[in-house]
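Asker: I'd like to ask some things about the structure below.
Rule-based calculations on the coordinates, nothing more; no lab input. As the structure is a prediction and not an experimental result, all values here were calculated from the model. Here the Cβ is made from the backbone with ideal geometry for all residues, glycine too, and neighbour counts use every protein chain on show.
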Amino acid sequence: MTAVTFRQFGGPDVLHPEEVQVPPLARDHVLIRVGAVSVGRLLDLVARSGNHPYARFSFPHILGAEHAGVVAAIGADVTGHRIGDHVATFPVVTDPNCPVVQAGYGELSPTLQIIGTHRQGAYAQYAAVPARNVFSVPDGLSPSDAVAVALAGAVAMNQLHRAGFVPGQRLVVQGATSALGSTTALLAQHLGAELIVTSRHADKRKRLSALGFANVLDSTSVSLAQDIRDIFTGRGSDIVVDNLGDLALWTKGMDALAPGGAMVTSGAFLGREVTVDLQRLYSQGQRIIGVRTGNLESATRMWAEVHKGFRSVVDRTFPLRSASEAHRYVECSSNVGRVTLTVD
Ligand SMILES: NC(=O)c1ccc[n+]([C@@H]2O[C@H](COP(=O)([O-])OP(=O)(O)OC[C@H]3O[C@@H](n4cnc5c(N)ncnc54)[C@H](OP(=O)(O)O)[C@@H]3O)[C@@H](O)[C@H]2O)c1
């Protein structure tokens, strides 16, 4: 089969198409004929540059985490899937016998592996993946649209779950143009949140408005926290989601948090350290929650919502052979939503 591989860390040009073996099929795996695969910041760009904190690659390596396509073959022990099914893969693989997984915290399991990071990925015509990570895709949803939710939707659902979200609550998503941020915002809206989304750029704010968000604010505004309070009639936000790690933006988010509110983060690519006013945190009963990623339970709940109409957003697709170009595009942060590679 054709795959896009890399044999050394570096810039986007280290990615090259080459012919490799179709992956072998374990008894509890299915073989997916890949239709689309995500291009994300940490799992693709950072990993390809050699700066991923957990990845230990052996070269040649195939990137590609969440993907969607058609079931092409089924392992001997697999039930519940048929050849030809339209499916998408949740790329966080854990051992179902691990006590941490059984306690509902798969994302914290020491057995956690991510497809495309700890195993060969799906920048390829075929990927062999555990059957329990494979979800049925509703009719009419394209592979790229399925990819847009296959990881980000599960992370978003876990963020809302861990924060204790209930319909009607007030929620702010910072950097809501990002693949994850847009998905969290759209899921929260689908589930009945009162929502504010932010972006630095006027043109991207217009695109957020076009997605149906009523309250779109400038994340660089010095009055952001007050602007949020004005929209939320003085009280502040029950939940603020910030996956970015920018000190100024984090501080504005904390300033906008309501008493009893939760700040949630699943990423920090702009920086690792922020400041916290502990006196305000404890006296207002607020929480800061790190959500490493999704788990099979959050993926299952998220796909139930997809079957009820929840959708995320695809910014742009590139053919698999143009993976380098797709990496360069994501690097310049011009996307609103998920960028994918499509595979013939
Ligand atoms: N834990 C998980 O499973 C998981 C999964 C996916 C993503 N993530 C994390 O979520 C974060 C976003 O990743 P992504 O792939 O969704 O990102 P992405 O699509 O590449 O979007 C990048 C985002 O960063 C914002 N941004 C870029 N530079 C900025 C700056 N200097 N100041 C403020 N904002 C800036 C952009 O907002 P503007 O609109 O303002 O340009 C945009 O929202 C990362 O930290 C990533 O690790 C985590």
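Asker: If each of H201 and E297 carries a label point 7 Å out from its Cα toward its Cβ, how far apart are those two points in nm?
Answerer: Computed distance between label sites H201 and E297 equals 3.8 nm.
Asker: Please tell me the relative contact order of the chain in percent, rounded to the nearest whole number, where contacts are Cα pairs under 8 Å and at least six residues apart.
Answerer: It comes to 20 percent, rounded to a whole number.
Asker: Let me ask something else about it. From the square roots a ≥ b ≥ c of the eigenvalues of the alpha-carbon gyration tensor of the stretch 23-174, which class results: rounded (a/c under 1.5), prolate (a/b over b/c), or oblate? Provide the component values of the computation, followed by the final result.
Answerer: Numbers: a/c = 1.37, a/b = 1.21, b/c = 1.14.
Here the stretch 23-174 falls in the rounded category.
Asker: On to the next question. If I take all pairs of Cα atoms in the stretch 1-44, what percentage of them are more than 11 Å from each other? Before the final figure, lay out the partial values.
Answerer: Details: 729 of 946 pairs.
Cα-Cα pairs of the stretch 1-44 separated by over 11 Å account for 77 percent.
Asker: Arrange the following residues from fewest to most other Cβ atoms within 10 Å of their Cβ: T220, T340.
Answerer: Details: T220 13, T340 30.
Taking fewest neighbouring Cβ atoms as first place, the list is T220, T340.
Asker: With an 8 Å cut-off on Cα pairs and a minimum separation of 6 or more residues, tell me the relative contact order of the stretch 154-290 in percent. Working shown, then result.
Answerer: On the way: 259 pairs, mean separation 29.8, N = 137.
That works out to 22 percent.
Asker: Can I ask one more? Summing +1 for each Lys or Arg and -1 for each Asp or Glu, what net charge is found among the other residues whose Cβ lies under 13 Å from the Cβ of R311?
Answerer: Net charge around R311: 0.
Asker: Identify all aspartates and glutamates with a Cα-Cα distance to K204 below 12 Å; exclude those on the same chain that are fewer than 8 residues away in sequence.
Answerer: Straight-distance partners of K204: D218, D315.
Asker: For every other residue with a beta carbon closer than 14 angstrom to the beta carbon of S38, add +1 if it is Lys or Arg and -1 if Asp or Glu, then tell me the sum.
Answerer: Residues near S38 contribute 0 overall.
Asker: Same structure again: Taking only DSSP H segments of four or more residues, each worth -39500 (n - 2.57), what value at 222 nm results for the chain once the sum is divided by all its residues, to the nearest 500 deg cm²/dmol?
Answerer: -7500 deg cm²/dmol, from helical runs alone.
Asker: To one decimal place, what orientation-averaged projected area in nm² is obtained for the convex hull of the Cα set of the chain?
Answerer: 16.6 nm²
Asker: Under the rule a/c < 1.5 gives rounded, and otherwise a/b versus b/c splits prolate from oblate, where does the stretch 57-134 land using the Cα gyration tensor?
Answerer: Values: a/c = 2.18, a/b = 1.17, b/c = 1.86.
It is oblate, given that a/c is not under 1.5 and a/b is not larger than b/c.
Asker: Arrange the peptides 80-92, 181-193, 318-330 so that the one whose residues have, on average, the most other Cβ atoms within 10 Å appears first.
Answerer: The densest-packed peptide leads the list: 181-193, 80-92, 318-330.
Asker: Shifting gears a bit: May I ask you to sort E305, E273, E66 by Cβ crowding, counting other Cβ atoms within 10 Å and putting the fewest first?
Answerer: E273, E305, E66
Asker: OK, next. By how many nm would the segment from A103 to S58 lengthen if fully extended, with 0.36 nm per residue of separation less the alpha-carbon distance?
Answerer: Between A103 and S58, full extension yields 13.0 nm more.
Asker: Let me know the shape class of the stretch 154-290, please: from the alpha-carbon gyration tensor, a ≥ b ≥ c as square roots of the eigenvalues, rounded when a/c is under 1.5, otherwise prolate if a/b is greater than b/c, or oblate. Intermediate values should be presented prior to the final figure.
Answerer: Details: a/c = 1.29, a/b = 1.20, b/c = 1.07.
Note, shape of the stretch 154-290 comes out rounded.
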